[in-house]
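These notes are about the structure you will find just below.
What follows draws every value from the coordinates through simple rules; no lab data is involved. Everything quoted here is computed from the prediction, not taken from an experiment. As a convention, Cβ positions derive from the backbone with ideal geometry for all residues, glycine included, and neighbour counts pool all protein chains shown.
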Amino acid sequence: GDNHYASFEEAVAAAQSGDEIKILVAGQYSVPTGKNLTITGAVDGVEFSNIGAHGMAGASVTFNNVTFNYAANSTYKGLQHSGNLVYNNCTFNGQVFLYGQSDSFNKCTFNQNSADAYNVWTYSSKKVDFNECTFNCAGKSVLIYRETDAEARVINVKDCAFIASAPVTGKAAIEIDTSLMTNENAVT
């Protein structure tokens, strides 16, 4: 509604499941846990940084117009134990791991300039959609990978641009690694 809060934390505490929180001041914020929300950056410069391995307690969240800052070469960092996550017009800096029941990226930009890292590991997300996204990388962007189980994963990539600053020997923009999956139909 038209309620205003002095801090993002106060707005999250007061929010009910399904509410939208509009952030009106640029700055660094912490990703909330456990509530189904829509979070919108109403101004440029709304950032979630130093996220680490952040537990979501099953929450489904839509993020609009915000930036996520992950470390360049960190592993297993992302929004863990999440429900359905939707990202619209968001920017991702560094390498992110996906853990949602589903993750949908719409008109997002991914920036990663290390030849030792990807933009995204789909990791344990069951369904991932990349729609009209831009991947800026040093030769490799998306790793479709799962360490255990034979449950199939669905990855959709539509109308995306992959812009590499350099090649990486033996790598591609999208790499599918099924070496640890037991089901030959593990990725569709």
Legend entry - Extension gain, ASN89 back to THR169 (0.36 nm per residue minus Cα-Cα distance, nm): 25.7 nm
Legend entry - Potential lengthening between GLN16 and HIS4 on full extension [0.36 nm per residue; Cα-Cα distance subtracted]: 2.9 nm
Legend entry - Charge dipole magnitude, Cβ of K and R +1, D and E -1 - the chain, Cα centre, debye nearest 20: 240
Legend entry - Computed E for ALA115/ASP159 - FRET, C-beta separation, R0 25 angstrom, nearest 0.05: 0.45
Inset, instruction - Take the alpha carbon gyration tensor of the range 1-141, find the square roots of its eigenvalues, order them as a ≥ b ≥ c, and report rounded if a/c is under 1.5; if not, report prolate when a/b exceeds b/c, else oblate. - result: prolate
Inset, instruction - Could you list, in their original order, any pairs among LYS77/LYS171; LYS22/LYS77; LYS127/LYS171; LYS35/LYS171 whose Cα atoms are separated by more than 32 Å? - result: LYS35/LYS171
